[in-house]
Amino acid sequence: MESLLSAVIVLLLVSFSCFTSSEALTRNKGNITVKWDLMSWTPDGYVAVVTAYNYQKQRSIPSPGWKMSWRWTRKEVIWSMVGAQTTKQGDCSMFNENMPHSCTNKPTVVDLPPKTPFNQQIANCCKGGVLKPGLESAFQISVGNAGDSVKTVRMPVNFMFTAPKQQYICGPTKKVTPTRFITADKRRMTRALMTWKITCDFHKAT
Ligand SMILES: *[C@@H]1O[C@H](CO)[C@@H](O)[C@H](O)[C@H]1NC(C)=O
């Protein structure tokens, strides 16, 4: 009985120290966090600002830069984007008046170059995909066929973040507390309608 008890205690201690050391390790290495802030509803979807934060202390994303991709779970389309673009339009043949920016089920997004005209930029966009430690990269996306309320929208899934010669593994998309924003004059607080978050950890150099 006594030996069983001490075995259990040893096991507990070992698992506890494993847990804390692996946690400390990931905290030191940092991560890439991607946040989707839904800013407004549209007749058939929403407008979101997607921001990637490089929380890695040492590792930069070099040129030709990051790519992000995900899978839609329904028939979502991307009506338009500001500050980034998808690599493929996909099959938009069911649309005849307004043409979406992308109709693929698994869009891949790349950043725009720094020389992008100012009227096609948003804050923190257009760095040619280069993302230095501690900095962020953002784009705006207008999603259609997407549900138009907190209850009906669906998060993108199977998120992937790729960088030249670096492999990342992303966790699931999670619904988190909506981001709060403060206006430039600091006199008004606003908040996102919904916020989704994905964390990607560096896996290996390729
Ligand atoms: C990602 O890094 C940030 C900043 O260091 C940290 O606050 C956050 O907890 C990390 N997320 C995960 C899931 O490791």
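Nothing in this text is a laboratory measurement; each read-out follows from the coordinates by a stated rule. This is a predicted model, so every value here is computed, not measured. Backbone-built Cβ (ideal geometry, glycine too); neighbour counts: all protein chains shown.
What's the ranking of 99-106, 144-151 by average number of surrounding C-beta atoms within 10 Å, highest first?
99-106, 144-151
Of the options VAL77, THR183, PHE139, report the single residue whose Cα projects farthest towards the positive end of the charge dipole of the chain (beta-carbon charges: Lys, Arg +1; Asp, Glu -1).
Of the options given, the answer is THR183.
So how tilted is helix 2-29 from the main axis of the chain? Cα-based, degrees 0 to 90, rounded to 10.
Rounded to the nearest ten degrees, it is 40.
Lys/Arg Cβ at +1, Asp/Glu Cβ at -1, dipole of segment 31-205 taken about the Cα centre: which of CYS126, MET194, ASN31 is farthest positive-ward?
About the Cα centre, the residue reaching furthest to the positive side is ASN31.
Between GLN120 and ARG180, how many nm apart are label points set 7 Å from Cα along the C-beta direction?
3.7
Rounding to the nearest 20 debye, state how big the charge dipole of the chain is about its Cα centre with +1 on each Lys and Arg Cβ and -1 on each Asp and Glu Cβ.
Magnitude of the dipole: close to 380 debye.
Students often get this wrong, so check it: of LYS106/LYS132; LYS57/LYS175; LYS106/LYS175; LYS67/LYS186; LYS88/LYS132, which have C-alpha atoms separated by over 22 Å?
LYS106/LYS132; LYS57/LYS175; LYS67/LYS186; LYS88/LYS132
So, in nm, how far is label ASN145 from label MET160 when the simple model puts each one 7 Å beyond its Cα toward the Cβ?
Each label point is offset 7 Å from its Cα along the Cβ direction, giving 2.1 nm.
With no solvent and one equal point scatterer placed on each C-alpha of the chain, evaluate the Debye formula and give log10 I(q)/I(0) for q = 0.08, 0.11, 0.12 Å⁻¹, two decimals.
For the chain at q = 0.08, 0.11, 0.12 Å⁻¹, log10 I(q)/I(0) is -0.34, -0.59, -0.68.
Identify all aspartates and glutamates with a Cα-Cα distance to LYS165 below 16 Å; exclude those on the same chain that are fewer than 8 residues away in sequence.
Reachable aspartates and glutamates: ASP201.
Give me the tail of P(r) for segment 149-206 as a percent: Cα-Cα pairs with distance above 17 Å.
56
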